[in-house]
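Trainee: Okay, here's the structure, questions in a sec.
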Amino acid sequence: MFQALFNSLSGLFSFSRSLDTVSNNVSNMNTPGFRGSDSFFANIDGGYGTSIAGQGLRPQPGDMRQTGTPTDMAVEGEGYFVLRDRSGELHYTRAGQFRFNDSGVLVDTATGYDVMAIGADGGLTQIDINAYRTMEAKPTTRVKVGGNLVTRTVTTTSPATPINATMTVYDTVGATHALSVVFLQTDNIGNYSLTIKDETGFTVYTDTVRFSGGRLLTPNVASFDLSYAGKTQQITLDFGTSTSGLTAMTGVSDSPKLTVEDGHGVLGISSMAFDDKGILRLSYSSTETREGQRVALAIFPNEGDLRLAGARMLDNSSIREVEHGRAGQGRFGRISGGSIELSNIDLTREFADMIIIQRGYQASSRVMTVSNEMIEQLYNSTRGG
């Protein structure tokens, strides 16, 4: 009878602790990246009741939800994000709510811990955007010449009228310079002189553009040098070909087009995103992009044996072995940028577990009541009651 009393008491304690686990699961149902836990019951040798042998993490992933925030991330498949605290200790989480702090370092919003990137050598470093905030200036090197120049009858009493255009180019430090371009018909078969001058009026390039039947003959490609800020840059003029280039047709308006195909000043970041490989992609304009650092992931061979420390982080004391790697390689899952992983809590399962726990607790309580009554009856009988 006394043993039954102690056994029922152990059941009450164990079911109570199991309910603590369920209540923690339910309370974190809206916590991003939260993994539910299960309590494991174990028999106490010798028939001395039961105890909670431990807890196991549910490895099933939660649903994904798009946030539209480019620094938010979720792992599709296996893998945990790697964080580092101020003491240098590593932590692991599935909650990918990250932001760049005032120092330009990507951190976890809940803890402030640094989010780790993995280098080519497999080493872990913080993700620092400062080195990518601007893109250096790039000088203009290529200009496409197109459009049409109207061929007219030229006489001494009716001389040709200059056709003016401008183009803006970038130098090596990103400063802009406006060059004046003048086309002047030189004869009645449609040939033109081309003169390009810099901002001071100095002629930097002259040539004759020749046509036949309104189609370009020469030149197809030409080049000239400019000197700014003590550095020389070469600019190539692409006139096209006889079938796709500058023309000299009658019956069409004068419309020369000078398209600067490259070059830019110092650019700032216009947008950023993490791709499915965890690589930070930065855009500076419609055509200028740069590849940043790559987010590190971690996998564990004993994931089911892991425990949570709080609602978001794994308990480091439960980690026996860890492997760091890159998203999309081997067993490592892929990254879903602009999304977060929700908790993997299923309320239907939790309610079912609560009913089982409640019934178990009631049964243990009933055993305790019966044991107590029997002990009381035994006590009364020994007194002759």
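The values are calculated or read from the model by the stated rules, or taken from the named source; none is laboratory data. Only a predicted model underlies this, so the values are computations on that prediction, with no experimental measurement involved. Reconstructed Cβ throughout: ideal geometry from the backbone, glycine too, with neighbour counts over all protein chains shown.
Trainee: Can you find a residue that is under 27 Å from LEU124 (Cα atoms), over 24 Å from the mean Cα position of the chain (by Cα) and hydrophobic (A, V, I, L, M, F, W, C) anywhere in region 51-64?
Mentor: Taking every residue of region 51-64 in turn, at least one turns out to be under 27 Å from LEU124 (Cα atoms), over 24 Å from the mean Cα position of the chain (by Cα) and hydrophobic (A, V, I, L, M, F, W, C).
Trainee: Examine region 362-385 for a residue that is surrounded by fewer than 18 Cβ atoms within 10 Å (Cβ to Cβ), within 30 Å of LEU9 (Cβ to Cβ) and in contact with a Gly (Cβ under 8 Å, 6 or more places away or on another chain), and state whether such a residue exists.
Mentor: Checked against the condition, which is being surrounded by fewer than 18 Cβ atoms within 10 Å (Cβ to Cβ), within 30 Å of LEU9 (Cβ to Cβ) and in contact with a Gly (Cβ under 8 Å, 6 or more places away or on another chain), region 362-385 yields at least one hit.
Trainee: Residues to consider are GLY68, GLY54; find the one that is assigned by TED's automatic domain parsing to the domain that holds VAL26 and modelled with pLDDT under 95. Spell out the reasoning first.
Mentor: Working: GLY68 fails: assigned by TED's automatic domain parsing to the domain that holds VAL26.
Every option except GLY54 fails the conditions.
Trainee: Okay, next question. More than 23 Å from THR166 (Cβ to Cβ) and in contact (Cβ under 8 Å) with a residue 60 or more places away in the chain: does that describe GLY214? I'd like the intermediate steps shown before the answer.
Mentor: Numbers: more than 23 Å from THR166 (Cβ to Cβ): yes; in contact (Cβ under 8 Å) with a residue 60 or more places away in the chain: yes.
So GLY214 fits the description; yes.
Trainee: Could you tell me whether any residue of region 342-359 is at negative phi, among the small types (Gly, Ala, Ser) and without any contact (Cβ under 8 Å) to a residue 40 or more places away in the chain?
Mentor: Within region 342-359 (the criterion being at negative phi, among the small types (Gly, Ala, Ser) and without any contact (Cβ under 8 Å) to a residue 40 or more places away in the chain), the answer is yes, since at least one residue qualifies.
Trainee: Then there's this: Could you grab me the full set of residues in region 1-51 that are basic (Lys, Arg) and modelled with pLDDT of 90 or more?
Mentor: Correct list: ARG17 only.
Trainee: Against the conditions (1) surrounded by fewer than 18 Cβ atoms within 10 Å (Cβ to Cβ); (2) of a type outside the set (A, V, I, L, M, F, W, C); (3) assigned by TED's automatic domain parsing to the domain that holds ASP72, where does ARG349 fall short? Just the number, please.
Mentor: With respect to (1) surrounded by fewer than 18 Cβ atoms within 10 Å (Cβ to Cβ); (2) of a type outside the set (A, V, I, L, M, F, W, C); (3) assigned by TED's automatic domain parsing to the domain that holds ASP72, ARG349 is out only on (3).
Trainee: Filter region 336-357 for residues that are in a helix (DSSP H, G or I) and in contact with a helix residue (DSSP H, G or I) (Cβ under 8 Å, 6 or more places away or on another chain) and give the result.
Mentor: The answer is LEU347, GLU350, ASP353, MET354, ILE357.
Trainee: Only one of ALA120, ALA131 is within 30 Å of ALA175 (Cβ to Cβ) and free of Cβ contacts under 8 Å to residues at least 12 places away in the same chain; which?
Mentor: On the way: ALA120 fails: within 30 Å of ALA175 (Cβ to Cβ).
One residue alone meets the criteria, ALA131.
Trainee: Also, I was wondering about something else. Can you tell me which residue in region 304-314 is modelled with the lowest pLDDT, limited to those that are outside any strand (DSSP E or B) and more than 13 Å from TYR80 (Cα to Cα)?
Mentor: ALA311
Trainee: Can we say SER336 is surrounded by 14 or more Cβ atoms within 10 Å (Cβ to Cβ) and modelled with pLDDT of 95 or more?
Mentor: yes
Trainee: Does region 362-385 include one or more residues that are modelled with pLDDT under 95 and closer than 21 Å to ASN24 by Cβ? Let's see the steps before the verdict.
Mentor: Of region 362-385, the ones modelled with pLDDT under 95 are 362-385.
In the following step, the residues that additionally are closer than 21 Å to ASN24 by Cβ were identified as none.
Within region 362-385, none of the residues are modelled with pLDDT under 95 and closer than 21 Å to ASN24 by Cβ.
Trainee: I'm checking my understanding of the structure. Among residues of region 119-143 that are in contact with a Lys or Arg (Cβ under 8 Å, 6 or more places away or on another chain) and in a strand (DSSP E or B), which one is surrounded by the most Cβ atoms within 10 Å (Cβ to Cβ)?
Mentor: Here the residue is MET135.
Trainee: Counting only residues that are over 24 Å from GLY122 (Cα atoms) and either among the aliphatic types (A, V, I, L, M) or not assigned by TED's automatic domain parsing to the domain that holds GLY112 (or both), how many does region 307-337 have?
Mentor: Matching residues across region 307-337 total 3.
Trainee: Right, something else. Identify all residues within region 223-253 that are among the charged types (D, E, K, R) and surrounded by 15 or more Cβ atoms within 10 Å (Cβ to Cβ); write none if there are none.
Mentor: ASP238, the sole residue that qualifies.
Trainee: So which of ALA160, ALA165, ALA175 ends up being of a type outside the set (Ser, Thr, Tyr), in contact (Cβ under 8 Å) with a residue 60 or more places away in the chain and under 30 Å from GLY251 (Cα atoms)?
Mentor: Details: ALA160 fails: in contact (Cβ under 8 Å) with a residue 60 or more places away in the chain; ALA175 fails: under 30 Å from GLY251 (Cα atoms).
Answer to the check: ALA165.
Trainee: Okay, next question. Under the condition of being in contact with a strand residue (DSSP E or B) (Cβ under 7 Å, 6 or more places away or on another chain) and assigned to a loop (DSSP other than H, G, I, E, B), which residue from region 1-50 is surrounded by the most Cβ atoms within 10 Å (Cβ to Cβ)?
Mentor: Residue satisfying both the conditions and the ranking: ARG35.
Trainee: Quick one: would you say ALA160 is under 30 Å from MET73 (Cβ atoms), modelled with pLDDT under 95 and either over 25 Å from the mean Cα position of the chain (by Cα) or loosely packed, with under 13 Cβ neighbours inside 10 Å (or both)?
Mentor: no
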